[in-house]
Amino acid sequence: MNQAYIDNVMERLQAKVDRMIEQIGSKCPHVAKEDGKYDDTPSHAWTSAFWPGLLWIMHDVTGKKQYRDAAWDWDADIEQWFAKALVGPGQGLHHDVGFQFLPTAVIKHTLTGDEDGLRRGLEAANFLTGRFNLAGGFIRAWNMDRIGWAIVDCMMNLSLLFWASDVSKDPRFKQIAIAHANTALEHFVRPDGSTNHIVVFDPETGKVVEALGGQGFAPQSAWSRGASWAIYGFANTYRYTGDIRYLEAAKRVAHFFLASLPDDHVPHWDFRADHLESEPRDSSAGAIAASGLLEIMNHVPEAEARFYLDSAKKILHSLTENYATWDQPEHEAILLHGTGNKPAGMNIDVSLIYGDYYYVEAFAKLSGWKHRIF
Ligand code: GLY
C-alpha cells in the first residue's frame, strides 16, 4: 500500500462521509443491517461518540468546516445523561465515558479551545475515577449488580484520565489509570498473548473470583475485539507513562492477534471459536487493531516499526478491497461484516459505527494526522 493508495482512500472517504452527513442527519448511529441504514440509538449508549469522532478527524485532516459543524453539538447531547437516573441492563453512563467524551468534548477542546468541551471532559474524568474499586485496583464495568466486574475494553477509557491529569495538573486521574492498567496487565493478558474479556473480582476484598467469556466464545477463548482493545489500550498507556511493561503487553497481544488472522487478514469474531472457518468475521476488530498497531509503531525501533506498519496496512488493504461499501452509495456505513455480540445473538455480520471510526482513524494516521483522540 503506497502513498497514492492512501491518498486515494482519503479522497474516497471524503466523498463517502459527505454523503453520510446527509444520510445520518441527526441520528446517533450504532448498527446498520441488511437495509444499509444506520439505526438511531439513545446517546447514553457507549457507541454514541464514534460518529462525531469520525467527523472531528475529517475536520482536522481536511480543515473543512462542514465536518466540524456536524460534530459540534454532540458533547452537550451526551452530557445530559449525567443528570438522568437510568436503570436496567445497558442503561446509563458507565465506564465507557472515555469512548464517549474523548471523541467529542476532549477533541473539541483540543482543536478549538472550547471551554465547555474542557469542562465536560473533566466531568467525565471525575465520573470515571468515581468507579474505581480500591481493593481490587480496577475501574468497574457497567452498572446494576455487576459490582466487581472489570473488562478489557476499559483499557481504551484510560486516555481520558491521562488527559485529565495533563490539563488539570492533578495526578489523581493518572494514578487511577495506572492502577487499573496494572490490574489488567496481571489478570487480563494471558502468557500466550490472548486476553480475557471479563474478570470478576470480589468487590470487598479485591480477590479474583473468575474470568467470564463475555462477548467471546468461552472463558478461555480469544474474543478478537477484546484483543484489539488490549493492543491499542496498552500502547496508549505506554505513550502516557513510558513504562515498558505496557508496550511489551501491547506487543504480546499484537503478536497473538496477527498470528491468529486468516488469509485475508481480517479476524473472525473469536480466534478460538469452534468450527472457525464458518464463523463470522469482525471487521471492527481488524480496524481497531490496525489503528493500535500504528500506535505501537511509534514507540519501537525503525526495523521493528516496519513490521507493525506492514501488518496494519495488510489489514487496512483487505478492509478497503473486500469489506467496504464503495460500490453501494446508498449504504450509510463504510465497512461491512462486523460482529457486535455473537454469544448474545446481537449484531452479527453487520456494519458497526466503531468499525467505521477506527478505519477512518487508521487511514488518517497513515496520511499524517498528528492529533490523537485515544
Ligand atoms: N466495548 C464493547 C465492545 O467492544 O463491544
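Under 25 Å from the Cα of Lys313, which lysines turn up, not counting those fewer than eight places away in the same chain? Answer for Lys313, where 25 Å is the Cα cut-off: Lys16, Lys251, Lys365, Lys370, listed by chain and number. Considering only Ala362, Gly136, Leu111, the residue lying farthest towards the positive end of the dipole of the chain is Gly136, judged by Cα position with unit charges set on Cβ. Estimated from helices alone, the mean residue ellipticity of the chain at 222 nm is -15500 deg cm²/dmol (sum of -39500 (n - 2.57) over DSSP H runs with n ≥ 4, per residue). Which aspartates and glutamates does Lys207 reach when only Cα atoms under 18 Å apart count, and residues fewer than 8 places away in its own chain are ignored? Reachable aspartates and glutamates: Asp145, Glu186. Label separation (Thr41 vs Glu210): 2.7 nm, computed from points 7 Å beyond Cα along the C-beta direction. Ranked by the mean number of other Cβ atoms within 10 Å of their residues, highest first, the peptides 311-318, 41-48 come out as 311-318, 41-48.
Report, in whole Å, the centroid distance computed from the Cα atoms of the stretch 216-237 and the stretch 305-331. When both Cα centres are located, 20 Å separates them.
For the listed residue pairs Lys174/Lys342; Lys64/Lys84; Lys37/Lys84, the alpha carbons are over 31 angstrom apart in Lys174/Lys342; Lys64/Lys84.
About its Cα centre, the dipole of the chain is roughly 880 debye, where the only charges are +1 on Lys and Arg Cβ and -1 on Asp and Glu Cβ. I need the shape label for the chain. Rule: rounded when a/c is under 1.5, else prolate if a/b > b/c, else oblate, with a, b, c from the alpha carbon gyration tensor. Here the chain falls in the rounded category. Toward the positive end of the charge dipole of the stretch 207-277, about the Cα centre and with charges on Cβ (Lys, Arg +1; Asp, Glu -1), which of Ala218, Gly242, Phe256 goes farthest? Checked the options; the winner is Gly242.
Reported value for the stretch 253-374: 121 Å³ per residue, from the convex hull of its C-alpha atoms.
Three principal axis extents of the stretch 37-153 based on alpha-carbon atoms, in descending order, are 47, 32, 27 Å.
Any read-out appearing in this document is the output of simple, stated calculations on the displayed coordinates, not a laboratory observation. Note that the coordinates shown come from a computational prediction; the quantities given were computed from them, not determined experimentally. When we count neighbours, we look across all protein chains shown, and the Cβ atoms used for this are built from the backbone with ideal geometry, even at glycine.
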